[in-house]
Amino acid sequence: MSIRYKSESELAIMRDAGLIAAEILETVCQAAKPGVSTWELDQIARRGIEKHKVTSAFLGYNPGGKPPYPGVLCTSRNEVIVHGIPRKNDVLADGDIIGIDFGIFHKGFCADTARTLMIGSVSPAREKLVEVCRAALEAAIALCVPGNRLGDIGSAVQTFVESKGFSVVRQFVGHGIGRAMHEDPQVPNFGKAGTERRLKPGLVIAVEPMVNAGAPDVEELDDDWTAVTKDRSMSAHFEHTIAVTEKGPWVLTRPTSSPGSL
Ligand code: MF3
Ligand code: CO
Ligand code: CO
């Protein structure tokens, strides 16, 4: 359990990785419409990977003896929280919400980013869920400054989400990121302000709130990947790769961000 802080030159490479990941994810998101399958979205992401000469962080990933992950995207529709596998028979419909998670390696460093899209016209309840999850990530990003603690991030996300009547998933957490997709430290979306380690310049973390409309409990499907809400309520997920700098947060997977400017 040790954190690998990044140098300025490593951060520059991670920024390039973040921009490429963001560009490919954006292309995928623009193709997400009713009638399009999650398999087709995965194909679009594969073409982006080839075009930019990067590699997938997801394809073949098999932590803890899981079956190797078969896609380059995670496509998590409606009650799927995370790790939905792209499939030809998983077709987007009007009113769906879908989390799309994408990660790459570029010059030895990883970028990991996700967002939840609303397909066509979505019910107000689903729209609120998506907006609360998005806003929870923004609140967390603003706290990625030196001196704050990991518990401040978890507490802010949990307090905000629960104040809106939703729940945060405990079983999956954000993470340090760098030469590996998943590095120390863990970054939970729950916790207590003023606890856990302090953030220092050079720390890079993927912050990724997963918000359920109902209970926080998770069930894994028989494919050993797909994580759904136990009560089958809707779930949303947003993620950015964020560097802590002396100037403040730098959202590496957001093109308009620069150190200290969200
Ligand atoms: N990108 C996910 C995360 O945010 C992990 C996906 S693992 C995969 O940490 F194998 F499903 F791709
Ligand atoms: Co991710
Ligand atoms: Co992640």
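Within the stretch 192-212, identify whether any single residue is within 16 Å of ligand 3 (Cβ to nearest atom) and over 29 Å from ILE98 (Cβ atoms), and answer yes or no. Yes, the stretch 192-212 contains a residue that is within 16 Å of ligand 3 (Cβ to nearest atom) and over 29 Å from ILE98 (Cβ atoms). Residues that are among the hydroxyl-bearing types (Ser, Thr, Tyr), more than 14 Å from the chain's Cα centre (by Cα) and either within 16 Å of ligand 2 (Cβ to nearest atom) or surrounded by fewer than 14 Cβ atoms within 10 Å (Cβ to Cβ) (or both) within the stretch 213-240 comprise just one, THR226. Any residue that is among the hydroxyl-bearing types (Ser, Thr, Tyr) and without any contact (Cβ under 8 Å) to a residue 40 or more places away in the chain - is there at least one of those in the stretch 122-140? Yes, some residue in the stretch 122-140 is among the hydroxyl-bearing types (Ser, Thr, Tyr) and without any contact (Cβ under 8 Å) to a residue 40 or more places away in the chain.
As a summary of the residue check, ARG47 satisfies the conditions (1) part of a loop (DSSP other than H, G, I, E, B); (2) open to solvent by 40 Å² or more (accessible area, probe 1.4 Å) except for the one numbered (1). Within the stretch 75-96, the residues that satisfy the criterion of being open to solvent by less than 10 Å² (accessible area, probe 1.4 Å) and within 15 Å of ligand 2 (Cβ to nearest atom) are THR75, SER76, ILE81, VAL82, GLY84. For the stretch 20-38, the count of residues that are outside any helix (DSSP H, G or I) and either of a type in the set (Lys, Arg) or more than 16 Å from ILE97 (Cα to Cα) (or both) is nonzero.
Number of residues in the stretch 213-262 that are in contact with a helix residue (DSSP H, G or I) (Cβ under 9 Å, 6 or more places away or on another chain), among the charged types (D, E, K, R) and either more than 16 Å from ligand 3 (Cβ to nearest atom) or assigned to a strand (DSSP E or B) (or both) equals 1. Could you say whether any residue in the stretch 178-189 is more than 16 Å from ligand 2 (Cβ to nearest atom) and free of Cβ contacts under 8 Å to residues at least 40 places away in the same chain? No, there is no match, as no residue in the stretch 178-189 is more than 16 Å from ligand 2 (Cβ to nearest atom) and free of Cβ contacts under 8 Å to residues at least 40 places away in the same chain.
Of all residue pairs spaced 6 or more apart or on separate chains, those with beta-carbon atoms under 6 Å, a first member in the stretch 19-37 that is open to solvent by less than 20 Å² (accessible area, probe 1.4 Å) and a second member that is in a helix (DSSP H, G or I) are ILE24/ALA45; ILE24/GLY48; VAL28/LEU41; VAL28/ILE44; VAL28/ALA45. Restricting LYS53, LYS6 to those that are open to solvent by 70 Å² or more (accessible area, probe 1.4 Å) and either at pLDDT 95 or above or among the aromatic types (Phe, Trp, Tyr) (or both) reduces the list to LYS53.
The values are calculated or read from the model by the stated rules, or taken from the named source; none is laboratory data. Just so we're clear, the structure is a prediction, and the values are computed from it rather than from any experiment. Here the Cβ is made from the backbone with ideal geometry for all residues, glycine too, and neighbour counts use every protein chain on show. Accessible surface is based on the protein model in full, side chains and every heavy atom, while ligands, DNA and RNA are left aside. Shrake-Rupley method; radii C 1.70, N 1.55, O 1.52, S 1.80 Å.
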